[in-house]
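This report concerns only the one structure given below.
The values are calculated or read from the model by the stated rules, or taken from the named source; none is laboratory data. Everything quoted here is computed from the prediction, not taken from an experiment. Cβ sites come from the backbone with ideal geometry, for glycine too, and all protein chains shown count toward neighbours.
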Amino acid sequence: MKQATATFDFDDDAPLLAVEDAVVTYSTSGGDLTAVDEISFSVDENEIFGLVGESGCGKSTVAQAILSLLPSNGRVSSGSIRFRGVELTELSKRELDSLRWEHFSLISQGAMNALNPVHRISNQIVEAIQAHRDVSTDEARERVAELFEVVGLDPDRMDDYPHQFSGGMKQRAYIAMSLALDPDLIIADEPTTALDVIVQDQILKRLKELRDDLGISVIIISHDISVIAETCNRLGVMYSGKLMEYGNLKEIFDNPYNPYTLGLQNAFPTLRGDQSDLISIPGSPPDIADLPDGCRFMDRCPFATSECGTDHPPLETVGEDHASACYHHDSIERMREESKDRETWSRTGTDAATSGGVGDD
Ligand SMILES: Nc1ncnc2c1ncn2[C@@H]1O[C@H](COP(=O)(O)OP(=O)(O)OP(=O)(O)O)[C@@H](O)[C@H]1O
């Protein structure tokens with residue numbers, strides 16, 4: 001049955017998505033936890049924006065906050081999230097439901113398992129279309145065939161059941177479903193994590209083609225900086241609820257300013273040589289229930305000094321469409337050089353701070 005569709009007062013001059021100083025809090029029996037802390041970024045039309053960082057840094061929380069799909073104990077406690085100028089945090093459930101399918105949709109890591117095993121794939125997509133558009137079943141089926149072609153699936157297979165599809169095919173079928181109503185923005189949360197490298201590559205290529213051919217924008221969320229490197233125009237590097245580095249992908253990859261980004265670049269293959277060159281960042285991120293006063297990365301940062309223990313550093317502009325949060329931007333050349341050395345990463349923030357760290361230049 002077709003649902004009533006809300007209309008919105010979009011501002012054509014506003015960015016497609018603008019997140020400003022967003023704070024997301026979870027209420028727990030032990031008190032409120034801040035999972036996302038004053039994050040700001042924007043996504044333009046026809047752009048693939050990446051959010052990258054280790055597990056638990058708040059990437060999915062950002063996605064859920066944008067889509068108003070936070071768990072019941074989560075809320076955007078301050079800041080704003082605007083889609084074409086419309087404040088999402090103030091919309092009713094009916095308005096949000098309408099906006100979600102018509103203007104943006106989510107592809108999650110487990111999306112392929114979200115297909116109902118007892119219904120033909122075609123029928124599931126037809127149902128999604130008819131829930132929002134007043135079209136006949138024949139028209140909706142034609143649209144499904146078109147969508148199958150768009151995502152690189154054979155339309156002759158659209159009446160298959162999900163179990164007849166491989167994991168990669170199911171993920172494509174779910175992408176087809178998420179494209180059914182021509183969204184402007186797709187949020188893809190770890191869209192390829194469960195897939196093998198070849199299928200992963202095909203899906204990422206397909207997302208790029210969707211941007212080029214259909215003009216949609218995509219937010220890709222991944223813990224793997226090489227996935228982001230292959231796909232995105234712009235990115236945000238997240239750590240422990242904060243944005244550490246933000247801006248144009250090429251600018252950040254050619255001239256990284258943040259020690260955390262330097263560490264991530266070392267930790268993933270394809271960016272720096274083969275597997276044997278990989279250097280992981282020792283230690284783990286702080287517990288969000290017990291955050292340090294200073295820089296959130298301090299305890300794992302080989303370049304930390306006592307200055308880092310005061311407050312978390314603010315994001316500062318370091319280039320065109322490029323900002324980073326670190327107290328040691330002045331020593332960036334030295335940090336880049338030293339970061340390539342495995343030995344550097346065996347120094348922890350505390351050791352580095354007591355031995356003077358990078359600030360001793
Ligand atoms: N419903 C919840 N209640 C309390 N804390 C939560 C809840 N959901 C997430 N968190 C906490 O919020 C922080 C951010 O989690 P989130 O899932 O957004 O991170 P992530 O970067 O997406 O990690 P992953 O890649 O593992 O999903 C984590 O510390 C997590 O434990």
Single match in 33, 69, 106 (criterion: part of a strand (DSSP E or B), closer than 30 Å to residue 260 by Cα and at pLDDT below 90): 106
Residue match in the range 275-296 (condition: surrounded by 16 or more Cβ atoms within 10 Å (Cβ to Cβ), assigned to a helix (DSSP H, G or I), touching a residue at least 24 places away in the same chain (Cβ under 8 Å) and among the hydrophobic types (A, V, I, L, M, F, W, C)): no
Qualifying strands (runs of 3 or more DSSP E) (wholly inside the range 148-247; at least 3 residues being in the same structural domain as residue 129 (by TED's automatic domain parsing) and either within 16 Å of the ligand (Cβ to nearest atom) or surrounded by fewer than 19 Cβ atoms within 10 Å (Cβ to Cβ) (or both)): 185-189, 217-222
When residues of the range 65-90 are limited to those that are without any contact (Cβ under 8 Å) to a residue 40 or more places away in the chain and not hydroxyl-bearing (Ser, Thr, Tyr), the one surrounded by the most Cβ atoms within 10 Å (Cβ to Cβ): 88
Check on residue 22, within 16 Å of the ligand (Cβ to nearest atom), among the small types (Gly, Ala, Ser) and either under 29 Å from residue 130 (Cβ atoms) or part of a strand (DSSP E or B) (or both): yes
Residue 45 in a loop (DSSP other than H, G, I, E, B) and within 9 Å of the ligand (Cβ to nearest atom): no
Pick from the range 48-92, criterion charged (D, E, K, R) and within 17 Å of the chain's Cα centre (by Cα), ranking: farthest from the ligand (Cβ to nearest atom): 82
